[in-house]
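In what follows, a single structure is set out as structure tokens and then discussed.
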Amino acid sequence: MLINFGILNLTPDSFSDGAENNCNLDFFLQKAKNLINTGFDVIDIGAESTRPGADIITQKQEWSRLKDFLLNYNLSKPLSLDSSKPETIKNALYHSSSIHYINDVTGLQNPDLLYQVAEHAESFVKLIGMHSKGGVPPSLKASEIPDDFYDAEGGLEEDLRRFFDESIKACKKFSIDESRLILDLGLGFGKNLKHSLELIELIPKIKSEFGLPIMLGASRKSFLRLWKDKSEADWSELDRWTEEYNSLGVRAGAEYLRSHNKIC
């Protein structure tokens with residue numbers, strides 16, 4: 001079954017929809033309703049931008065952006081919390097029963113984060129671990145990453161295998177069952193156009209290797225402009241290209257999609 005995550009950035013500086021005048025509770029709650037009405041199954045909330053070059057914020061700043069939304073969210077669809085800060089995750093799980101997913105862009109390898117999940121998350125809460133290379137937030141844009149970026153690791157496929165193997169081992173140390181895990185291939189995090197297209201071919205191999213579902217987060221990423229050989233594009237074009245890329249991914253076996261907009 002395909003599950004669509006709708007992105008809701010509780011931030012002033014995210015690359016596509018961050019704006020200072022958007023940062024109020026009514027705006028965020030209304031946007032969550034709009035995403036649900038559009039057909040999203042899960043609302044993915046994040047309070048820290050991970051666009052290339054974004055500033056890293058403190059746990060206190062992150063929680064201050066999340067708290068009011070979590071205390072006032074009462075819609076029917078579950079939430080996914082996009083955070084890598086252990087204390088934020090602990091607070092969020094304590095204050096909200098709507099959180100059914102923890103989305104960790106650092107790949108579920110931080111013992112402090114896994115401890116909080118093991119201690120405070122119900123067994124139905126699933127964990128999303130994202131592959132990356134080159135830092136989070138990314139230090140390089142897609143256009144700046146060389147084709148041989150993974151050669152020293154034995155190629156992209158081998159790096160994915162090693163990375164996810166470490167994630168699974170780390171979770172096992174905290175008795176977190178593998179059945180709760182989802183693997184995010186990390187589009188936009190250390191991948192250029194060549195790597196992003198290669199990921200489509202690798203989906204069946206990674207699924208076969210680990211027996212776990214795959215998530216794609218291609219939405220509005222810069223590699224889409226490179227794919228279509230466009231230097232400029234508006235959001236509607238990027239959303240259309242996102243859907244096109246996602247369709248390839250779903251045919252290859254991806255079961256989770258994370259997008260800003262759902263156009264079909």
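The values are calculated or read from the model by the stated rules, or taken from the named source; none is laboratory data. Not measured: the values here are computed from a predicted model. So basically every Cβ, Gly included, is an ideal-geometry build from the backbone, and we count neighbours across all protein chains shown.
Scanning the stretch 140-174 for residues that are of a type in the set (Phe, Trp, Tyr) and not in a helix (DSSP H, G or I), which turns out nearest to Lys228 (Cα to Cα)?
Step one: list which residues in the stretch 140-174 are of a type in the set (Phe, Trp, Tyr), which gives 149-150, 163-164, 174.
From the residues that got through so far, the ones that are not in a helix (DSSP H, G or I) too are 149-150, 174.
Working: Phe149: 22, Tyr150: 24, Phe174: 44 Å.
The extreme case among them is Phe149.
Can you pull out the residues in the stretch 56-87 that are β-branched (Val, Ile, Thr) and either without any contact (Cβ under 8 Å) to a residue 40 or more places away in the chain or under 19 Å from Ala32 (Cα atoms) (or both)? Write out each step before concluding.
Step one: filter the stretch 56-87 for residues β-branched (Val, Ile, Thr), giving 56-58.
Listed by number, the residues that qualify are Ile57, Thr58.
Here is a yes/no grid of residues against (1) modelled with pLDDT of 95 or more; (2) under 23 Å from Ala92 (Cβ atoms); (3) not aromatic (Phe, Trp, Tyr):
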{"residue": "Ala118", "(1), (2), (3)": "yes, yes, yes"}
{"residue": "Gly134", "(1), (2), (3)": "no, no, yes"}
{"residue": "Leu140", "(1), (2), (3)": "no, no, yes"}
{"residue": "Pro146", "(1), (2), (3)": "yes, no, yes"}
{"residue": "Phe164", "(1), (2), (3)": "yes, no, no"}
{"residue": "Ile206", "(1), (2), (3)": "yes, no, yes"}
{"residue": "Ala218", "(1), (2), (3)": "yes, no, yes"}
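For the stretch 216-257, give me the residue count where each residue is within 20 Å of Arg51 (Cα to Cα), out of contact with any Leu (no Cβ under 7 Å at 6 or more places or on another chain) and surrounded by 16 or more Cβ atoms within 10 Å (Cβ to Cβ).
5
Out of all the residues in the stretch 32-64, which are charged (D, E, K, R) and at pLDDT below 95?
Residues of the stretch 32-64 charged (D, E, K, R): 33, 41, 44, 48, 51, 55, 60, 62.
Of everything in the stretch 32-64, those that are charged (D, E, K, R) and at pLDDT below 95 turn out to be Glu48, Arg51, Asp55.
Applying the selection to the stretch 231-260, what residues are of a type in the set (A, V, I, L, M, F, W, C), within 17 Å of Leu193 (Cβ to Cβ) and not in a helix (DSSP H, G or I)?
Passing the criteria: only Ala233.
So, in the stretch 122-139, of the ones that are among the small types (Gly, Ala, Ser) and in a loop (DSSP other than H, G, I, E, B), which residue ends up nearest to the chain's Cα centre (by Cα)?
Within the stretch 122-139, the subset among the small types (Gly, Ala, Ser) is 123, 129, 132, 134-135, 139.
Remaining after also requiring in a loop (DSSP other than H, G, I, E, B): 123, 132, 134-135, 139.
Numbers: Ser123: 20, Ser132: 11, Gly134: 16, Gly135: 15, Ser139: 17 Å.
My answer is Ser132.
I'd like the residue in the stretch 43-100 that is among the β-branched types (Val, Ile, Thr) and outside any loop (DSSP other than H, G, I, E, B) and, out of all such residues, is nearest to Leu257 (Cα to Cα). Step through it out loud before you land on a result.
First, the residues of the stretch 43-100 that are among the β-branched types (Val, Ile, Thr): 43, 45, 50, 56-58, 88-89, 99.
Now narrow it down to the ones that are outside any loop (DSSP other than H, G, I, E, B): 43, 45, 88-89, 99.
Details: Ile43: 12, Ile45: 14, Thr88: 24, Ile89: 22, Ile99: 17 Å.
Residue satisfying both the conditions and the ranking: Ile43.
Yes or no, residue by residue, for (1) of a type in the set (Gly, Ala, Ser); (2) closer than 22 Å to Asn4 by Cβ; (3) touching a His at 6+ places or on another chain (Cβ under 6 Å):
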position	(1), (2), (3)
Leu181	no, yes, no
Asp184	no, yes, no
Gly190	yes, no, no
His195	no, no, no
Lys205	no, no, no
Ser208	yes, no, no
Pro213	no, yes, no
Gly217	yes, yes, no
Leu226	no, no, no
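Taking the conditions exactly as written (within 15 Å of the chain's Cα centre (by Cα) and aromatic (Phe, Trp, Tyr)), does Tyr101 satisfy them or not? Give the derivation first.
Working: within 15 Å of the chain's Cα centre (by Cα): yes; aromatic (Phe, Trp, Tyr): yes.
Yes, satisfied.
When only residues in the stretch 158-193 that are surrounded by fewer than 17 Cβ atoms within 10 Å (Cβ to Cβ) and of a type in the set (Lys, Arg) count, which is farthest from Leu127 (Cα to Cα)?
Checking each candidate, the answer is Arg162.
Hey, can you tell me all the residues within the stretch 109-139 that are out of contact with any Pro (no Cβ under 7 Å at 6 or more places or on another chain) and of a type in the set (A, V, I, L, M, F, W, C)?
Hits for the stretch 109-139 are Leu114, Val117, Ala118, Ala121, Phe124, Val125, Leu127, Ile128, Met130, Val136.
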